[in-house]
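Peer 1: What follows is a single structure, and I will ask about it in a moment.
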Amino acid sequence: MRRRGNAERSATATPSIDQHIIPSNAPTLNVLIQMKNDNKSDYTINFTRKALDFLAKHTSLGEPEAVKHFIAQLDTSNGYKRNLCIAYNKYCKFYRIEWTMPLYLPEAKNIKLPTKEKLLMLIAKARIPTSIKLKLSMETGLRPVELCRLRVNDIDLEHRAVNPITAKKGSPRTLKMSQQLTASINEWIIRNNLNLNDKLFKGDAEDYGKYYRTMRNKLSKDLKDPSIRTIRLYDFRHYFCSKQLSDTKDPYFVMIQMGHKKLETTQKYMHLMDLNDDEWTCKTAANVNEATTMIESGFQYVTDMDGLKLFKKRK
């Protein structure tokens, strides 16, 4: 087993790392500093820190076969085991430890969609600004990390749109917001006297997730509804994707809206298209002008009946 000395690594300048992702042991810290130098995201750095700390508590990071055995014996999903291996692989690469990373193929799982009613219950239960974040995710499909990166300058109040810095190296995108949500964000900006370059919300995705889970679990207990406890932050994004697919029938457009790099990722949501429990507003058009007005208002053409064209739009 070949190692590279710490002295060589420590000789280089070390960039600052947020306090919440600094680990207790120096060997792991060196790996995180290198990741920061390599411009890895704070989310990736934080997960690597948690994974390496977890492994270090139960086995020796300097013994790859022991680490491999420990991971193999865990009673958890292949996806989590794979992520642990990826984190440990970074450790081995940094210290030039020779090991063969085991292959864990994540189990294929369908995306489950909560009802719109329960998502709205969670939004109503949450305090500001968490309620604004949840509504943003439900209306625009923003990832939690994208929400927490938003700056005031990313919000276009005049056009009721948000221009997020897309996570996971996806393409830039512009997403529409409702008038009510836009007004709530504007009120938040004014109340907190925020400037254009200020972060829209304080804290990071980890803080956001902790508060959400605490609020969600309390609501689940109060209502004696265990299904609420299973609703994750990403489910608000999943709802947006399924609604867009149902409304547009255009996976490529939805891929852009979601910030996906591959169409195959968007197509994983196709089975959710008919699960939306939304109610519809239905109207008819007797001529071209009326039909044009319907389409411009967001209505979808359904069929012809008794000489009229039928249109529908989600409430």
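Peer 1: Answer yes or no as to whether residue 98 is among the acidic types (Asp, Glu), closer than 30 Å to residue 200 by Cβ and either part of a loop (DSSP other than H, G, I, E, B) or touching an Asp or Glu at 6+ places or on another chain (Cβ under 8 Å) (or both).
Peer 2: When the stated conditions are applied, residue 98 does not pass them.
Peer 1: Now for a separate question. Against the definition (assigned to a helix (DSSP H, G or I) and at pLDDT below 95), how does residue 148 come out, yes or no? Lay out the reasoning, then the answer.
Peer 2: Values: assigned to a helix (DSSP H, G or I): yes; at pLDDT below 95: yes.
Considered against the rule, which asks whether it is assigned to a helix (DSSP H, G or I) and at pLDDT below 95, residue 148 comes out as yes.
Peer 1: Mind listing whichever residues of segment 170-208 are in a loop (DSSP other than H, G, I, E, B) and acidic (Asp, Glu)?
Peer 2: Result: 198, 204.
Peer 1: Only one of these is in contact with a Gly (Cβ under 7 Å, 6 or more places away or on another chain) and of a type outside the set (S, T, N, Q): 127, 173. Name it.
Peer 2: Exactly one of 127, 173 is in contact with a Gly (Cβ under 7 Å, 6 or more places away or on another chain) and of a type outside the set (S, T, N, Q), namely 173.
Peer 1: May I pose another question? Being free of Cβ contacts under 8 Å to residues at least 24 places away in the same chain, surrounded by 16 or more Cβ atoms within 10 Å (Cβ to Cβ) and in a helix (DSSP H, G or I): is that true of residue 132 here?
Peer 2: Values: free of Cβ contacts under 8 Å to residues at least 24 places away in the same chain: no; surrounded by 16 or more Cβ atoms within 10 Å (Cβ to Cβ): yes; in a helix (DSSP H, G or I): yes.
For residue 132, the condition - free of Cβ contacts under 8 Å to residues at least 24 places away in the same chain, surrounded by 16 or more Cβ atoms within 10 Å (Cβ to Cβ) and in a helix (DSSP H, G or I) - is not met.
Peer 1: Among the candidates 22, 123, 132, 86, single out the residue that is β-branched (Val, Ile, Thr), within 26 Å of the chain's Cα centre (by Cα) and at pLDDT below 95. Can you show your working first?
Peer 2: Values: 123 fails: at pLDDT below 95; 132 fails: at pLDDT below 95; 86 fails: at pLDDT below 95.
The unique qualifying residue is 22.
Peer 1: Among the residues of segment 121-143, which ones are of a type outside the set (A, V, I, L, M) and farther than 13 Å from residue 258 by Cα?
Peer 2: As a first pass, look at segment 121-143 and keep what is of a type outside the set (A, V, I, L, M): 125, 127, 129-131, 133, 135, 137, 139-141, 143.
Residues satisfying the conditions are 125, 127, 129, 130, 131, 133, 135.
The values are calculated or read from the model by the stated rules, or taken from the named source; none is laboratory data. None of these values were measured; they are calculated from a predicted model. Every residue, glycine as well, gets a Cβ built from its backbone with ideal geometry; the counts of neighbours run over all protein chains shown.
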